[in-house]
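Novice: Shown below is the structure under consideration.
The values are calculated or read from the model by the stated rules, or taken from the named source; none is laboratory data. Quick caveat, the model's predicted, so the values are computed rather than measured. Note: ideal-geometry Cβ built from the backbone for every residue, glycine included; neighbour counts use all protein chains shown. Surface areas here come from the heavy atoms of the whole protein model, side chains and all, with no ligands, DNA or RNA. Shrake-Rupley method; radii C 1.70, N 1.55, O 1.52, S 1.80 Å.
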Amino acid sequence: MSPKSIVEAVLFYASEAVSAAEIAKEIDLTREEVEASIAALLIDYNEKHSAITIVKIGTKYRMQLREEYRHIIEKFSKTEFSHKKTKIIATIAYNQPIMQSELVKKFGMGIYGDIHELVNVGFIDRKQMGTSFQLTTTKKFSEYFGIESMKREDIRKWIESNEKKYSQT
């Protein structure tokens, strides 16, 4: 087994993004070998025009579907959101940190269940602030939507560039 194949297997199987150092430690390779393998995999996927790519999120890597294929596989995805939940998560992501009380004013009292579900699937975090909660998106949110950053500005840019596509769901 080549280091490249081993790294590919790890990235394919990992349930969340993983750093080169974490991979190296667990499979007895150097960090440089892991990084070289990831670079080689990226070249392979690009040359084959693969639907799969590897993205870097902070210092970690994750294998995922290329953005242009997302609309095709959405029918097969188990995590589906109603139009209302999509608007709620987009509002949280765009305005984060945002108080839950602000969302209630905008969407009505019925959003408590939606927020609870988004917390349960791991897409948002909530932190008690007085009598309300402060809401922010999580790493899982960024990974799921293929956003290569968790920075507020980068998430805003991603939302703005995908607004038309997601507003029609």
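Novice: Round to the nearest 10 and report in Å² the accessible area of residue 154, as given by a 1.4 Å probe over the protein chains' heavy atoms.
Specialist: Number for this one is 50 Å².
Novice: Do the alpha carbons of any pairs in 84/139; 60/157; 106/127; 105/151; 4/157; 4/85 sit beyond 28 Å of each other, and which pairs?
Specialist: Working: 84/139 22 Å; 60/157 21 Å; 106/127 20 Å; 105/151 26 Å; 4/157 33 Å; 4/85 39 Å.
Long pairs (Cα-Cα over 28 Å): 4/157; 4/85.
Novice: Skip the ligands, DNA and RNA, and give the accessible area per residue of segment 89-169 with a 1.4 Å probe, whole Å².
Specialist: Numbers: 4610 Å² over 81 residues.
It amounts to 57 Å² per residue over segment 89-169.
Novice: Now for a separate question. Which ³J(HN,Hα) values, rounded to whole Hz and listed in residue order, are derived for segment 105-114 from phi using the Karplus coefficients 6.51, -1.76 and 1.60 in 6.51 cos²θ - 1.76 cosθ + 1.60 with θ = phi - 60°, glycine and proline given as x?
Specialist: 4, 7, 10, x, 4, x, 7, 4, x, 5
Novice: Now, a different point. Enumerate the residues in segment 128-162 having an amide nitrogen under 16 Å from the point lying 7 Å beyond the Cα of residue 101 toward its Cβ.
Specialist: Only 128-135 pass the distance filter.
Novice: Then there's this: Set the Förster radius R0 to 35 Å, insert the Cβ-Cβ distance between residue 30 and residue 83 as r into 1/(1 + (r/R0)^6), and round the FRET efficiency to 0.05. Write down the numbers at each step before the final one.
Specialist: Values: r = 48 Å, r/R0 = 1.37.
That pair, residue 30 with residue 83, gives E of 0.15.
Novice: A further question follows. Which whole-number percent gives the relative contact order of the chain, counting Cα pairs below 8 Å spaced six or more residues apart?
Specialist: Details: 178 pairs, mean separation 31.7, N = 169.
Normalised by residue count, the contact order of the chain is 19 percent.
Novice: Okay, next question. Counting only protein heavy atoms, what percent of the accessible surface of the chain is carbon or sulfur at a 1.4 Å probe? Please report the intermediate quantities before stating the final value.
Specialist: Numbers: 5620 of 10320 Å².
Carbon and sulfur together cover 55 percent of it.
Novice: Which of the following values of percent of Cα pairs over 28 Å apart was calculated from the structure shown: (i) 32; (ii) 45; (iii) 24?
Specialist: Here percent of Cα pairs over 28 Å apart agrees with entry (i).
Novice: Also, I was wondering about something else. Can you compute the helix-only [θ] at 222 nm over the chain? Use -39500 (n - 2.57) per DSSP H run of at least 4 residues, normalise by all residues, nearest 500 deg cm²/dmol.
Specialist: Working: 9 runs with 94 residues, N = 169.
Helix-only estimate at 222 nm: -16500 deg cm²/dmol.
Novice: Tally Lys and Arg at +1 and Asp and Glu at -1 over the other residues with C-beta under 13 Å from the C-beta of residue 44: what net charge comes out? Intermediate results must be reported in sequence, preceding the final value.
Specialist: Working: positive: 4, 48; negative: 8, 47.
Counting the neighbours of residue 44, the net charge comes to 0.
Novice: What FRET efficiency comes out for residue 2 versus residue 150 if R0 is 45 angstrom and r is the Cβ-Cβ distance? Round to the nearest 0.05. Display every interim value, and only then the final one.
Specialist: Numbers: r = 32 Å, r/R0 = 0.71.
Efficiency computed from Cβ-Cβ geometry: 0.90.
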